Amino acid sequence: MSLASRLKAGETIYSGWSSVTDPLVMEALCRTPLDAVLLDMQHGAHDTASVVALTGILRSTEKHALVRIPVGRFDMASRALDIGVEAVVAPMINSAGDARLFAAAMKYPPLGERSWGQLRGRPASYGAGGSGAYLRELNESTLAFAMIETRAAYEALDDILAVDGIDGVFVGPSDFSIAWSNGAEVDAGSEAIIEPLTHIAAKAKAAGKLAAIYAAGPLLARRFGALGYTYIPLAADTAYLTLGVQSLLDGLKA
């Protein structure tokens, strides 16, 4: 099943988060029960070459591949889909105008303006059910997540969700906490943001769209899941290495 079909059916997906470009690290992640891995091009070290290489590993092990593009790089959204990822997360979507530009890059006409040129296609042949039907299927199975990280994005939430081609919203809770506190704190677990986070998830559900959020650990993942978020990346590969070593050392001390 595709990531889109699983999430639209109401399943909660816990995902890995990849900042490191090394293929051996990705192979190790793919040996875990994680269902998906997001490749971070915004704050992680990923570039086009690493997305090509690691998406291949993810697809070969039947894991869902996602990419977070750099700010404003909507051209990379189309390219990531051509490479073979199932979903793209776009940071700093602060208005309906931003959302429309993102959706245009993600979807084939009539929803968007994505051009044809898949680098890594699907097993199904082009035009198998009529080319128009195939393009509609691709539009439905590729997910566009608009990040909600600022007060401007929060205030424009209804307009962003109303954009055809936006499949869901993705909250960066640390950035959101900075914006919500006017720069007074960076705290993804802040009690002050629970109400707006609840509001975001409820608004997405009411609009028939998906709600996703990053969680730095299991406690936050459980909290956010209870608020209605169903795609939840857990920490990041650099943290997995640190936590793994720490657990071994804690075991020795015990």
Quick one: count up the residues across segment 51-83 that are part of a loop (DSSP other than H, G, I, E, B) and surrounded by fewer than 24 Cβ atoms within 10 Å (Cβ to Cβ).
7
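Let's see how each residue does on (1) of a type in the set (D, E, K, R); (2) within 16 Å of R114 (Cα to Cα); (3) buried (at least 21 other Cβ atoms within 10 Å of the Cβ):
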site	(1), (2), (3)
Y134	no, yes, no
L143	no, yes, yes
A152	no, no, no
D159	yes, no, no
V169	no, no, yes
S174	no, no, no
I178	no, no, no
S181	no, no, no
Could you list, in sequence order, all residues of segment 45-69 that are of a type outside the set (V, I, T) and closer than 17 Å to A99 by Cβ?
R68
The conditions are (1) under 14 Å from the mean Cα position of the chain (by Cα); (2) surrounded by fewer than 16 Cβ atoms within 10 Å (Cβ to Cβ), and S5 fails exactly one of them. Which is it?
(1)
Can you pull out every residue in segment 56-85 that is under 25 Å from L243 (Cβ atoms) and either touching a helix residue (DSSP H, G or I) at 6+ places or on another chain (Cβ under 7 Å) or aromatic (F, W, Y) (or both)?
I57, L58, T61, K63, H64, A65, V67
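Quick one: would you say S247 is farther than 29 Å from T142 by Cβ and touching a helix residue (DSSP H, G or I) at 6+ places or on another chain (Cβ under 7 Å)?
No: the conditions fail for S247.
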Residue under evaluation Y229, criteria (1) more than 21 Å from D158 (Cβ to Cβ); (2) part of a loop (DSSP other than H, G, I, E, B); (3) touching a helix residue (DSSP H, G or I) at 6+ places or on another chain (Cβ under 9 Å), criterion not met:
(1)
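For segment 11-32, which residues satisfy the criterion of being in a loop (DSSP other than H, G, I, E, B) and within 12 Å of Y231 (Cβ to Cβ)?
Answer for segment 11-32, where residues must be in a loop (DSSP other than H, G, I, E, B) and within 12 Å of Y231 (Cβ to Cβ): E11, T12.
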For L252, state whether it is more than 20 Å from S19 (Cβ to Cβ), over 15 Å from the mean Cα position of the chain (by Cα) and either exposed (fewer than 12 other Cβ atoms within 10 Å of the Cβ) or of a type in the set (F, W, Y) (or both).
yes
Residues that are among the aromatic types (F, W, Y): which helices (runs of 4 or more DSSP H) entirely in segment 127-220 hold 2 or more of them?
173-180
Looking only at segment 229-245, and only at residues there that are surrounded by fewer than 19 Cβ atoms within 10 Å (Cβ to Cβ) and touching a strand residue (DSSP E or B) at 6+ places or on another chain (Cβ under 7 Å), the one that is farthest from A36 (Cα to Cα)
A235
Based on what the data block shows, is D40 touching a Phe, Trp or Tyr at 6+ places or on another chain (Cβ under 7 Å), under 19 Å from A144 (Cα atoms) and among the charged types (D, E, K, R)?
yes
D35 meets each of (1) touching a strand residue (DSSP E or B) at 6+ places or on another chain (Cβ under 7 Å); (2) farther than 18 Å from A215 by Cα; (3) among the charged types (D, E, K, R) with one exception, condition (2)
Could you go through segment 33-45 and let me know if any residue there is farther than 19 Å from Y229 by Cβ and not in a loop (DSSP other than H, G, I, E, B).
yes
Residue by residue through segment 84-98, note down the ones that are under 14 Å from H64 (Cα atoms) and part of a strand (DSSP E or B).
A87, V88, V89
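Within segment 175-198, how many residues turn out to be aromatic (F, W, Y) and under 20 Å from the mean Cα position of the chain (by Cα)?
Final tally of qualifying residues: 1.
Here, each number is a calculation from the coordinates, and none is a lab measurement. Please read these numbers as outputs of a predicted model, since none were measured by experiment. Cβ coordinates were reconstructed from backbone atoms using ideal geometry, including for glycine residues, and neighbour counts include every protein chain displayed.
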